[in-house]
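Structure record follows, encoded as structure tokens.
The values are calculated or read from the model by the stated rules, or taken from the named source; none is laboratory data. Computed from a predicted model, the values in this text were never measured in an experiment. Note: ideal-geometry Cβ built from the backbone for every residue, glycine included; neighbour counts use all protein chains shown. What goes into the accessible areas is simple: the full protein's heavy atoms, side chains included, and nothing from ligands, DNA or RNA. Shrake-Rupley method; radii C 1.70, N 1.55, O 1.52, S 1.80 Å.
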Amino acid sequence: MALYLLFESSSGYALFHAQGLDEIGQNTEAVRNSVADLNRFGKVVQLTAFQPFESAIDGLNQCNSVSEGLMTDELRSFLELNLPKVKEGKKSKFSLGVAEPKLGSHISETTKIPCQSGEFVLELLRGVRLHFDKFIKDLKSGDLEKAQLGLAHSYSRAKVKFNVNRVDNMVIQAIFLLDTLDKDINSFSMRVREWYSWHFPELVKIVNDNYLYARVAKLIEDKSKLSEEHIPALTEILGDEDKAKEVVEAGKASMGQDLTPVDLINVQLFAQRVMDLAEYRKNLYDYLVTKMNDIAPNLASLIGEVVGARLISHAGSLTNLAKCPSSTLQILGAEKALFRALKTRGNTPKYGLIFHSSFIGRASSKNKGRMARYLANKCSIASRIDCFSERGSTVFGEKLREQVEERLEFYDKGVAPRKNIDVMKSAIESTQNKDTEMEEVEPEEASAKKSKKKKSKTEDAPAAATNGDASEDGKSEKKKKKEKRKKEQEADEEDGKTNGVNEQDGTAKKKKKKSKDEAATNETTKKKKKKKSQE
């Protein structure tokens, strides 16, 4: 049986015919020995056809399809043109060697060309790859390397490019930055306290918050200039007038040393930097909340945005978190304690990052482990819903949160919680109702737009109608007046007629009376004749 080899290079498709395989045999070691020698390998494998790619974009598309195990139209036409045709109902006298088994199965399904892929074929293709530039005569030195480099760059760029749907990377970066900002703000604010305490040591005991301390230090600057005029500004910062007065009184009797203007300027600049960092931290937290509500709304509504983001970042992505079982999710973040316990054969940890949730803090010491296990179960459900659902909604997260609350009440008071099936059914019904409402709202919006247009037309129409009614009334009045005038004119004409005309009218009346009398006499004669005939 003849063997053909399909080689997908960076410059195009190549088809090779392997001859004299009986001499080498199907032994892979013999093939490996013959691959290095071009004279020996060139007698066995010969080039039959080569089809270059039209452009770099075409090469990238072909590379993507081959990596996915799909046969393109160009590859199909290339194989049908250069391979011997297979007659229906007969076995083929050749086979096609392919490096990718998926691609071979797809080719055999669509074109019914028998394909094979094994160690023997791979060794032959390795020799083809090694001596490919010598098989094709038109290729110059360095052309193949350039094509390989360009295709590798474009292929890797297409694979690594940012996917809009996978925005959980932004959440991972945001939560890492939030944690580092918390550490930096704490260390910087402690430095501000120590630095400014040389000048005003009593302020540390009055103002405990780091951000407020930096703002107060920025406002006061020199303690010797403190007066009652600063009380309203201090009350705005501290929110308490008594504290503001206490700061002013402490500034008057302070035991701190005086600082030079240059030192005070540096302290003020550093305090301003700490304030800017604190404000940026607030903005970053708002950004993280919005992102979590877009990516994992159910997980955020169940356990909170920060804890949910920490779980996603620790797992690596939302899909990895969804793949984790609830037992793994329960101890995420406590890997060191887990392996230490396994090593020393001690008690394994009950919770990891989940411990930062408010539910475990509210549970009693006896029920913390139970609560962590139950919460991890619900978190795994919420993460899977967020990862694999098409539309994001917080319905399931809210229902799961209600279940956790009910479980807390069950542990504390003994109130029996609802069954999971009933809760999930109610959640599905609420989501279906929301979908129907959304579907109804869309046509309503379209109808509202149409109704607005109709209203604008109808608003003009009633005005026109009212004007038309008034005009009709005016026309009817005019018609009545015209009819009255016509009647008056006719009456005047009748009065103004001559006597001859009146006589003519009289004679006409007489003629009419005569005709009536004649008709009556004729009828009486007819009746008499009928009576005689009957007699």
>> For the range 294-315, which positions are open to solvent by 30 Å² or more (accessible area, probe 1.4 Å) and without any contact (Cβ under 8 Å) to a residue 40 or more places away in the chain?
In response: GLU305, HIS314
>> Filter the range 126-142 down to the residues that are open to solvent by 30 Å² or more (accessible area, probe 1.4 Å), over 46 Å from the mean Cα position of the chain (by Cα) and touching a residue at least 24 places away in the same chain (Cβ under 8 Å) and list them by number.
In response: LEU130, LYS134, PHE135, LEU139
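Can you spot a residue in the range 323-332 that is open to solvent by 30 Å² or more (accessible area, probe 1.4 Å) and touching a residue at least 60 places away in the same chain (Cβ under 8 Å)? Walk me through it before giving the result.
To start, the set of residues in the range 323-332 that are open to solvent by 30 Å² or more (accessible area, probe 1.4 Å) comprises 323, 325-328, 331.
With the extra rule that they be touching a residue at least 60 places away in the same chain (Cβ under 8 Å), the set shrinks to none.
No, the range 323-332 contains no residue that is open to solvent by 30 Å² or more (accessible area, probe 1.4 Å) and touching a residue at least 60 places away in the same chain (Cβ under 8 Å).
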> Looking at (1) closer than 20 Å to SER327 by Cβ; (2) open to solvent by 60 Å² or more (accessible area, probe 1.4 Å); (3) free of Cβ contacts under 8 Å to residues at least 40 places away in the same chain, which is the only condition GLU409 fails?
Replying inline: (1)
> Which residues, taken from the range 166-185, are without any contact (Cβ under 8 Å) to a residue 12 or more places away in the chain and of a type in the set (Asp, Glu)?
Replying inline: ASP179
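Could you tell me whether any residue of the range 187-199 is of a type outside the set (D, E, K, R) and touching a Ser or Thr at 6+ places or on another chain (Cβ under 9 Å)? Outline the logic, then answer.
Keep residues of the range 187-199 that are of a type outside the set (D, E, K, R), which gives 187-190, 192, 195-199.
Cutting the leftovers down to touching a Ser or Thr at 6+ places or on another chain (Cβ under 9 Å) gives us 199.
So far as the range 187-199 goes, yes, one or more of its residues are of a type outside the set (D, E, K, R) and touching a Ser or Thr at 6+ places or on another chain (Cβ under 9 Å).
Please work out if SER189 is open to solvent by less than 40 Å² (accessible area, probe 1.4 Å), farther than 24 Å from GLU279 by Cα and of a type in the set (S, T, N, Q).
Working: open to solvent by less than 40 Å² (accessible area, probe 1.4 Å): yes; farther than 24 Å from GLU279 by Cα: no; of a type in the set (S, T, N, Q): yes.
No: the conditions fail for SER189.
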> Does at least one position in the range 225-236 carry a residue that is among the charged types (D, E, K, R) and closer than 19 Å to HIS199 by Cβ?
Replying inline: yes
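Given the criterion closer than 30 Å to GLN62 by Cα and either β-branched (Val, Ile, Thr) or without any contact (Cβ under 8 Å) to a residue 60 or more places away in the chain (or both), identify the matching residue among GLU100, GLU194, GLU123. Can you show your working first?
Numbers: GLU194 fails: closer than 30 Å to GLN62 by Cα; GLU123 fails: either β-branched (Val, Ile, Thr) or without any contact (Cβ under 8 Å) to a residue 60 or more places away in the chain (or both).
After applying the criteria, what remains is GLU100.
Can you say whether LYS223 is modelled with pLDDT under 90, of a type in the set (Lys, Arg), over 22 Å from ASN186 (Cβ atoms) and surrounded by fewer than 20 Cβ atoms within 10 Å (Cβ to Cβ), as far as the supplied structure shows?
Spelling it out, it is not the case that LYS223 is modelled with pLDDT under 90, of a type in the set (Lys, Arg), over 22 Å from ASN186 (Cβ atoms) and surrounded by fewer than 20 Cβ atoms within 10 Å (Cβ to Cβ).
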>> With the requirement that a residue be more than 18 Å from LEU5 (Cα to Cα) and free of Cβ contacts under 8 Å to residues at least 12 places away in the same chain, what does the range 37-57 give you?
In response: ASP37, ASN39, GLU54, SER55, ILE57
> Can you tell me how many residues in the range 28-85 are open to solvent by 30 Å² or more (accessible area, probe 1.4 Å), in a helix (DSSP H, G or I) and of a type in the set (A, V, I, L, M)?
Replying inline: 5
>> Could you check the range 239-277 and list, in sequence order, the residues that are surrounded by fewer than 17 Cβ atoms within 10 Å (Cβ to Cβ), among the acidic types (Asp, Glu) and more than 12 Å from HIS199 (Cα to Cα)?
In response: ASP240, GLU241, ASP242, GLU249, ASP276
